[in-house]
Ligand SMILES: [Zn+2]
């Protein structure tokens, strides 16, 4: 099953890979440790960030009580926008600057943790908003120095944002999703408490679980780091550096766990073992994709989410249409992996096996079918939408979807095969419906 030749030296390619990881504490009830960890990091006055719904729930209260018991001055910011925008990032940054905090604690999903990263960045190193935003939309300038300590406490088992240096948002003026990417954005510590997932609605567990699965699958099948051109300077080596032996470790285990526990975690809220395992898979996948980068299913997801008309799954706040992140990713995945299988069929077969497919006797030529069929099985078992038609798109929407995805070069160029406009068009077409 070995795949070492995947990293064979390539003409003009990089010769090394880097590993960046947050400090992580994982276990039931660790949210109650927030105060002690914050104090141990020398913090006295912290911004506690969350969103308006979570702010009224137990997790935020637990974190707050822990911080206060440790003698810290705590100010709550509960105005994080789910699916943040440049405006909501800047609002949080103003709060952070005015509050003169010496550190941050975020309690929530990816939107909360990403907003906290941005608030930390713009309050510590003030600049015009587009300065740090990814090129070509922004200037893509490096963050000039370290940020303040940030303890990230995820409440969903999906984004892995607590382990990455990525903050994603909608740039309102361009109606485009883009991000800020820097090692300096990575939270200093992740407190991962699987108890947080016990009360999540079924669809939220499913969408975030498929996000985890796809982080691992995309990182595992990403372009090998040896085939990416070296950065101008070694210190500028991107975090989206391509698949590498370190990210492979986390991907393997995350895929194995997802194969065994995803359906159980979705369909049985009482299965705390499955939900806890999925939280661990999210952490592993976050560590992996934070050091490898995802590719086309994520690159294509932003226009699937951004052009939504009236789709609204159960379990999400009632204000407006939404394709949750994990759903907007997974509806593209079978189509993408059918396409990419020819670049590294053994990796696609290995992944299919970890996800629970029968791969004995399968030939390399069958890798595309075996993996995509297993993904479709998992999607059907958890009532995911049937491809992009399941979230409201039809053939006439394909040019707009492809147009929206084309600028996501950081992601698309991390795929193991070149993806241009023609390929995007075909990938969306093949993602219309799977059953
Ligand atoms: Zn994701």
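For this structure, a couple of remarks:
- Here residue 197 meets the list (1) away from the ligand (no atom under 16 Å from the Cβ); (2) farther than 17 Å from residue 257 by Cβ; (3) in contact with a helix residue (DSSP H, G or I) (Cβ under 9 Å, 6 or more places away or on another chain) almost entirely, failing just condition (2).
- Meets criteria (away from the ligand (no atom under 16 Å from the Cβ), modelled with pLDDT of 90 or more and within 15 Å of residue 264 (Cα to Cα)) for residue 202: yes
- Residue, nearest to the ligand (Cβ to nearest atom), within segment 168-194, restricted to residues that are assigned to a helix (DSSP H, G or I) and more than 24 Å from residue 276 (Cβ to Cβ): 185
- Filtering segment 132-154 to residues that are under 30 Å from residue 275 (Cβ atoms) and buried (at least 24 other Cβ atoms within 10 Å of the Cβ) leaves 150, 151, 152, 153, 154.
- Candidate set from segment 256-294 (those that are outside any helix (DSSP H, G or I) and surrounded by 21 or more Cβ atoms within 10 Å (Cβ to Cβ)); member that is nearest to the ligand (Cβ to nearest atom): 294
Every residue, every condition in (1) closer than 22 Å to residue 212 by Cβ; (2) buried (at least 20 other Cβ atoms within 10 Å of the Cβ); (3) within 16 Å of the ligand (Cβ to nearest atom), yes or no:
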position: 320; (1), (2), (3): no, no, no
position: 334; (1), (2), (3): yes, yes, no
position: 341; (1), (2), (3): yes, yes, no
position: 347; (1), (2), (3): yes, yes, no
position: 355; (1), (2), (3): yes, yes, no
position: 364; (1), (2), (3): no, no, no
position: 369; (1), (2), (3): no, no, no
position: 376; (1), (2), (3): yes, no, no
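- Looking at segment 334-435, the helices (runs of 4 or more DSSP H) lying wholly inside it that each contain 1 or more residues that are over 20 Å from the mean Cα position of the chain (by Cα) and at pLDDT below 95 sit at 398-405.
- Number of residues in segment 122-158 that are modelled with pLDDT of 95 or more, over 20 Å from residue 237 (Cα atoms) and in a loop (DSSP other than H, G, I, E, B) equals 6.
- Residue in segment 214-228 that is at pLDDT 90 or above, within 16 Å of the ligand (Cβ to nearest atom) and in a loop (DSSP other than H, G, I, E, B) present: yes
- Segment 232-244: number of residues that are more than 16 Å from the ligand (Cβ to nearest atom) and either buried (at least 21 other Cβ atoms within 10 Å of the Cβ) or without any contact (Cβ under 8 Å) to a residue 40 or more places away in the chain (or both): 7
- Residue check, residue 105 within 16 Å of the ligand (Cβ to nearest atom), surrounded by 16 or more Cβ atoms within 10 Å (Cβ to Cβ) and under 23 Å from residue 190 (Cβ atoms): no
- Test result for residue 119, in a helix (DSSP H, G or I), touching a helix residue (DSSP H, G or I) at 6+ places or on another chain (Cβ under 7 Å), more than 16 Å from the ligand (Cβ to nearest atom) and in contact (Cβ under 8 Å) with a residue 40 or more places away in the chain: yes
- Matching option when the condition is within 15 Å of the ligand (Cβ to nearest atom), over 14 Å from the mean Cα position of the chain (by Cα), under 30 Å from residue 263 (Cβ atoms) and touching a residue at least 24 places away in the same chain (Cβ under 8 Å), among 247, 208: 247
- Conditions (1) in contact with a helix residue (DSSP H, G or I) (Cβ under 6 Å, 6 or more places away or on another chain); (2) within 15 Å of the ligand (Cβ to nearest atom); number of the one not met by residue 111: (1)
- For residue 132: the one exception among (1) in contact with a strand residue (DSSP E or B) (Cβ under 7 Å, 6 or more places away or on another chain); (2) over 25 Å from residue 19 (Cα atoms); (3) more than 16 Å from the ligand (Cβ to nearest atom): (2)
- Across segment 12-62, the qualifying residues are those that are without any contact (Cβ under 8 Å) to a residue 40 or more places away in the chain and crowded, with 21+ Cβ neighbours inside 10 Å, and the one among them that is nearest to residue 109 (Cα to Cα) is 55.
- Failed criterion for residue 110 (all others in (1) out of contact with any strand residue (DSSP E or B) (no Cβ under 6 Å at 6 or more places or on another chain); (2) buried (at least 24 other Cβ atoms within 10 Å of the Cβ); (3) modelled with pLDDT of 95 or more hold): (3)
The values are calculated or read from the model by the stated rules, or taken from the named source; none is laboratory data. Note that this is a predicted model, so its numbers are computed, not measured. When we count neighbours, we look across all protein chains shown, and the Cβ atoms used for this are built from the backbone with ideal geometry, even at glycine.
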